[in-house]
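**Student:** Below: one structure in structure tokens.
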Amino acid sequence: MKASDRYLKIVEWSEEDQCYVGTCPGLMLGGIHGDEEAEVYRELCRTVEEWIDICERDGAPLPEPTAGREYSGKFVVRVGRDLHKALAIGAIRRGESLNEHCVNLLREGKSRYEANKREQRISRRAHPYR
């Protein structure tokens, strides 16, 4: 396994740039741009490998890898009083604890977000020059 395999790489369509953009969050700033998703990913992988080589050569510290990272399942979210109240009332209405309610809302929102992203990819394939 290469050191670059331990870092998250994302390739997604950018409406603003009208091309695919590949990034490696937490490791390098900027991104790789191109018209072909697979080529952007290949170039991103090469760039990440070069970035890691340069850091190691120069003795610069590398950030903690994203692959294999353990998550506790807990995180703190600060919200305003009005949102806190609305969430608490929503939980009561649904017969859930506040935690269950927030988890369900996050899960539903994530599902909608992913469905929207899939629809955008399908639409781009059907209408590549829109």
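**Student:** Mind putting a number on the dipole of the chain about its Cα centre? Charges go on the C-beta only, +1 for Lys and Arg and -1 for Asp and Glu, and I need it in Debye to the nearest 20. Provide the component values of the computation, followed by the final result.
**Tutor:** Numbers: 22 positive and 23 negative charges, 185 e Å.
Around 880 debye, computed over the chain.
**Student:** Quick one: dipole size for segment 1-69, taken about the Cα centre, charges +1 on Lys/Arg Cβ and -1 on Asp/Glu Cβ, in debye to the nearest 20.
**Tutor:** Numbers: 7 positive and 16 negative charges, 95 e Å.
Here the size comes out at about 460 debye.
**Student:** Give the distance, in whole Å, between the Cα centre of segment 20-79 and the Cα centre of segment 1-18.
**Tutor:** Using only Cα atoms, the two centres lie 7 Å from each other.
**Student:** Also, quick follow-up: If you project the alpha carbons of the chain onto their three principal axes, what span does each projection cover, largest first, in Å?
**Tutor:** Ordered largest first, the chain gives principal extents of 55, 44, 26 Å.
**Student:** So, one more: Whole-Hz Karplus ³J(HN,Hα) for segment 102-110, in order, using 6.51 cos²θ - 1.76 cosθ + 1.60 and θ = phi - 60°, x for Gly and Pro?
**Tutor:** 5, 4, 5, 5, 5, 4, 4, x, 5
**Student:** Given a Förster distance of 22 Å, report the FRET efficiency between Arg46 and Glu12 from their Cβ-Cβ distance, rounded to the nearest 0.05.
**Tutor:** Details: r = 18 Å, r/R0 = 0.84.
FRET efficiency, Arg46 to Glu12: 0.75.
**Student:** Using +1 at the Cβ of each Lys and Arg and -1 at the Cβ of each Asp and Glu in segment 1-69, identify which of Tyr41, Gly59, Leu29 lies farthest towards the dipole's positive end.
**Tutor:** Gly59
**Student:** Take each of the peptides 31-37, 96-102, 14-20, average the number of other beta-carbon atoms within 10 Å over its residues, and list them starting from the highest. The partial results should precede the final answer.
**Tutor:** Numbers: 31-37: 15.9, 96-102: 14.1, 14-20: 12.3.
Order by mean packing, descending: 31-37, 96-102, 14-20.
**Student:** Comparing Val76, Val21, Val48, which has the greatest mean-square fluctuation in the GNM of the chain with Cα pairs linked when under 10 Å apart?
**Tutor:** Fluctuation is largest for Val76.
**Student:** Continuing with this model, one more query. Evaluate Rg over Rh across segment 71-130, taking Cα atoms for both radii and Kirkwood's formula for Rh.
**Tutor:** A ratio of 1.20.
**Student:** Which distance in nm do the two modelled labels at Leu98 and His84 give, with both placed 7 Å along the Cα-to-Cβ direction?
**Tutor:** Each label point lies 7 Å from its Cα, and together they span 0.7 nm.
**Student:** Then there's this: What do you get for the angle between helix 81-94 and the principal long axis of the chain? Use alpha-carbon atoms, 0 to 90 degrees, nearest ten.
**Tutor:** Helix 81-94 sits at roughly 70 degrees to that axis.
Every number here is computed from the coordinates shown, using simple stated rules; none is lab data. Just so we're clear, the structure is a prediction, and the values are computed from it rather than from any experiment. In this analysis, Cβ positions are derived from the backbone assuming ideal geometry, glycine residues included, and neighbour counts consider all displayed protein chains.
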